[in-house]
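Worksheet: the structure to be examined is printed underneath.
The values are calculated or read from the model by the stated rules, or taken from the named source; none is laboratory data. This one's a predicted model, so the numbers in the text were calculated from it and none came from an experiment. Ideal geometry is used to build each Cβ from the backbone, glycine not excepted, and the neighbour counts take in all protein chains shown.
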Amino acid sequence: MTLLNNQRGSTLLVALVMLMLLTLVALSAMNASTTSIQVVGNAQFREEANNAAQQAIEGVISNNFTANPVSSVVTVNVGGTDYVAAVAVPTCKNTVPLINSELDTNNPEDAVCLSSGSLQNTGVMNASGVLSTTQPWCYQQTWEVNATVNDSDTGASTSVHQGVSLRVPAGTDCP
């Protein structure tokens, strides 16, 4: 009977140790999931900030920004959060004259760049109706537009650089 009395407390001790181990595993799992949620949330805020910066750039380049390039501050709502995007002054990188062979005669946007503006009156013609070496009435310009977003509420911060290539009237040089 003395052997039985000596072992009565061991079951309680083993049960307490197992309960302690299960509690530690549960706390570790909760901390890991909380960290994962924070990482995903931060990634979402950064992606929203990227989207806000891209929308701000698209707003700038959808207007005739080449006439008077200026910096601007744009508020963009993405996912219910307002982000403030600062768009720097667009920078003209280069201006390249086009030649008629680089233009698509079936594209209405290219037709205005052809030296005569129409295929029927191009001056000197080849089989396609356009002399390939004739200087057209358009230049190709390359611009760089930068936007940054720093959101103090979420801590998201990003910078987006967008290259833009567009046609401008001949004689238009980079400002």
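Annotation note: of VAL74, VAL70, the sole residue that is at pLDDT 90 or above, within 15 Å of ALA147 (Cα to Cα) and surrounded by 13 or more Cβ atoms within 10 Å (Cβ to Cβ) is VAL74. Regarding ILE37, is this residue among the aliphatic types (A, V, I, L, M), assigned to a helix (DSSP H, G or I) and closer than 14 Å to ASN146 by Cα? The answer is no for ILE37. If you go through the range 40-68 and keep only what is among the polar types (S, T, N, Q) and assigned to a helix (DSSP H, G or I), you end up with ASN42, GLN44, ASN50, ASN51, GLN54, GLN55. Could we say that GLU144 is loosely packed, with under 12 Cβ neighbours inside 10 Å, within 30 Å of VAL74 (Cβ to Cβ) and either at pLDDT 70 or above or of a type in the set (Lys, Arg) (or both) here? Taking the combined requirement at face value, the residue does not satisfy it.
Could we say that THR66 is over 28 Å from ALA43 (Cα atoms) and in contact with a Cys (Cβ under 7 Å, 6 or more places away or on another chain) here? Here the answer is no, as THR66 does not meet what is asked.
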